[in-house]
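Student: Got a structure for you, questions after.
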Amino acid sequence: MRSGRSIGRIGMLAAIVCALALPSAARSAVRESQFVERASASYRATTSCYDRPDWAALVRSGYPDLRGHETEVYGLWRYEIRQVALPARGCRALEQWRQASPVIVSVWIFVLGHELTHTDQSDLYNAPWSRPFDEVEADCGGLAKFQRIKLELGITRRLRPPPRDITRCPLKEAKRR
């Protein structure tokens, strides 16, 4: 009778340890960000935040030629599941926009806008008029969507978009009248 109770207690203790350990392990891998979702919802897309190992695996699986340069990739558009994938550091910068450097917050708003521009391109992906993803168009879209995304996120801080020289979006020349 006593051994049955002790096995039951050990089983209960094991269940408690597992319950405490699993949520923290699951939380650290890939998580949703309700804060960032505010900007992607109007594009019928989701946003997920990936920790370092999962981010590296995601980049390597999609872009094997970038092996060893995973931190140089700031965002991915996963058109098959309509998801903007961001590294956790980007999600943290956006979520903590009050404390983060304004330049860093601006870059992540731009990256989110860039990836959300790919939603427009992927909506045309299997259509008769489909075209490949255009990274220059996505850069221009990231700049064009900057203020809208900032407002959708509820960021009230004064921010400037990243300078055009770090993007591939050309300046448009004014037309003569």
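Student: Of all residues in segment 88-125, which are under 16 Å from residue 45 (Cβ atoms) and open to solvent by 60 Å² or more (accessible area, probe 1.4 Å)?
Tutor: The answer is 120, 123, 125.
Student: Output the number of residues of segment 37-95 satisfying the condition of being in a loop (DSSP other than H, G, I, E, B) and not small (Gly, Ala, Ser).
Tutor: Looking only at that region, the number is 11.
The values are calculated or read from the model by the stated rules, or taken from the named source; none is laboratory data. Keep in mind that what you see is a predicted model, and the values were worked out from it rather than measured. Positions of Cβ are backbone-derived with ideal geometry, glycine not excepted, and every protein chain shown enters the neighbour counts. SASA here: full protein model, heavy atoms, side chains in, ligands and nucleic acids out. Shrake-Rupley method; radii C 1.70, N 1.55, O 1.52, S 1.80 Å.
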